[in-house]
Amino acid sequence: MPTDSKVNGIHHRTGAPVVNASTIGEVIAVTSGDGVLRLFQADRDSLAFAIHEGVILSMARESRSWLTGGEDGRFLRVSMEGEVEEIASFGSKWVDCVAADGEHFACSSGKMVYVWSPDRSQPELLEHQSTIGGLAFNTKRKQLAASHYGGVTIWTRRGNRWTKSVLAYKGYHSSVTFSPDGKFVVSTMQENAVHGWRLSDSADFAMSPYPAKINSIAWAGNNPYLVTSGANEVVCWPFKGKDGPMGKYPICVAERKQIVSCVEGFPNVNALLAGFHDGTVVLTEIKHESIPVVLRDAKDVEVTAIAVTETGSDLLIGDAEGEILWFKMQ
């Protein structure tokens with residue numbers, strides 16, 4: 001990891017806001033507001049593929065490909081070579097969320113979730129009470145979480161069918177994620193809060209308040225920590241043990257005057273990357289009184305995506321004006 005501030009790298013200007021970034025091996029895929037997916041890899045020219053009409057709303061990775069959903073109502077699979085397969089088209093209805101677990105893959109449009117399984121030629125339809133805010137698979141328990149107004153629905157695969165249970169909590173739940181050990185599920189909320197449940201007994205816990213909406217969450221470290229945006233510092237909630245963050249205080253790092261807009265964690269190291277609304281990006285350890293390393297200075301434009309290759313050798317930063325910075329971490 002770099003120890004000197006303001007690391008230099010290669011700049012790419014796309015002209016459209018960066019929406020998301022996702023890593024497979026040493027390749028990072030970036031989606032933008034112009035419907036283009038771009039692939040970045042060290043020591044190679046970037047590749048660009050116009051795959052959607054309008055904004056690419058969602059992206060998830062498979063073993064050797066990415067799933068995307070767009071404003072154009074298309075649900076696509078894009079290989080690491082840029083080959084595009086249309087899985088489904090929903091006409092004028094947006095494909096809001098996508099997810100995959102290596103065996104199943106899914107997308108949502110409105111209140112409906114469509115799940116593809118290897119033993120079926122057509123997707124199974126799972127209906128919910130309101131528009132879906134987020135999707136996530138739990139590979140430890142063969143479960144799918146769908147967040148929406150009023151809570152999170154957990155779908156569990158039993159034999160050849162999905163059975164559901166609802167984890168209720170008032171408010172609109174947007175993004176959703178399972179803890180790495182599969183024992184907890186956590187959702188972000190429009191009410192500037194994070195809410196979670198322990199799956200073994202449905203015990204719930206609130207992680208709040210935040211001064212701003214939480215647009216970015218990630219898992220970091222072996223413990224692990226749930227690292228979150230939405231404040232003028234990165235709030236890191238400990239999930240070690242059977243109680244997770246219940247009864248515990250978070251560790252807060254990288255305090256600045258601006259709000260954190262984007263976070264990314266390292267899976268095997270207690271460290272994270274954080275981007276701010278003013279464009280600053282820092283690298284910091286998850287510990288009290290840690291001293292962040294500034295990787296990019298303020299540019300008066302919000303950081304919207306951060307991704308690291310799986311070896312940790314290369315870093316990509318994307319912002320709301322469409323600038324992408326790629327540089328070596330080692």
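The values are calculated or read from the model by the stated rules, or taken from the named source; none is laboratory data. Remember, it's a predicted structure, so these values are computed and weren't measured experimentally. Positions of Cβ are generated from backbone atoms using ideal geometry, with glycine treated the same way; all protein chains shown enter the neighbour counts.
Computed quantities for the displayed model
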item	result
Checklist (1) within 16 Å of A106 (Cα to Cα); (2) surrounded by fewer than 22 Cβ atoms within 10 Å (Cβ to Cβ); (3) within 22 Å of the chain's Cα centre (by Cα) applied to W162, failing item	(3)
Qualifying positions in region 167-181 - in contact with a Ser or Thr (Cβ under 7 Å, 6 or more places away or on another chain) and not in a strand (DSSP E or B)	none
Qualifying position, being at negative phi, assigned to a loop (DSSP other than H, G, I, E, B) and either surrounded by 20 or more Cβ atoms within 10 Å (Cβ to Cβ) or at pLDDT 95 or above (or both), among S130, S108, S121	S130
Selection status of D243, acidic (D, E) and outside the structural domain of I132 (by the TED database)	yes
Extreme residue, modelled with the lowest pLDDT, among residues of region 84-105 that are under 17 Å from N138 (Cβ atoms) and acidic (D, E)	E103
Top-ranked residue in region 308-327 [being at pLDDT 95 or above, small (G, A, S) and not in a strand (DSSP E or B); ranked as nearest to L39 (Cα to Cα)]	G322
Qualifying residues in region 284-321 (those that are farther than 21 Å from V235 by Cα, small (G, A, S) and touching a strand residue (DSSP E or B) at 6+ places or on another chain (Cβ under 6 Å)) - the one surrounded by the fewest Cβ atoms within 10 Å (Cβ to Cβ)	A320
Region 249-283 - residue that is modelled with pLDDT of 95 or more, hydrophobic (A, V, I, L, M, F, W, C) and not in a strand (DSSP E or B) and, of those, surrounded by the most Cβ atoms within 10 Å (Cβ to Cβ)	A254
Residue check for A231: over 21 Å from S22 (Cα atoms), of a type outside the set (D, E), touching a residue at least 12 places away in the same chain (Cβ under 8 Å) and outside the structural domain of Q258 (by the TED database)	no
Contacts under 9 angstrom Cβ, first residue in region 292-315 being under 14 Å from N8 (Cβ atoms) and assigned by the TED database to the domain that holds G230, partner of a type in the set (D, E) and in a strand (DSSP E or B), 6 or more apart	L315/E264
Cross-chain or 6+ apart pairs with Cβ under 8 Å, region 182-208 first and within 13 Å of G247 (Cα to Cα), then at pLDDT below 95 and among the β-branched types (V, I, T)	none
When residues of region 187-218 are limited to those that are among the acidic types (D, E) and not in a strand (DSSP E or B), the one surrounded by the most Cβ atoms within 10 Å (Cβ to Cβ)	E191
Residues that are among the charged types (D, E, K, R) and under 23 Å from A29 (Cβ atoms), drawn from region 300-323	E302, E310, D314, D319, E321, E323
Number of positions in region 105-150 that are more than 19 Å from the chain's Cα centre (by Cα) and either of a type in the set (G, A, S) or outside the structural domain of V176 (by the TED database) (or both)	5
Enumerated strands (runs of 3 or more DSSP E) restricted to region 24-102, each holding at least 2 residues that are over 19 Å from the mean Cα position of the chain (by Cα)	47-50, 74-79, 84-89
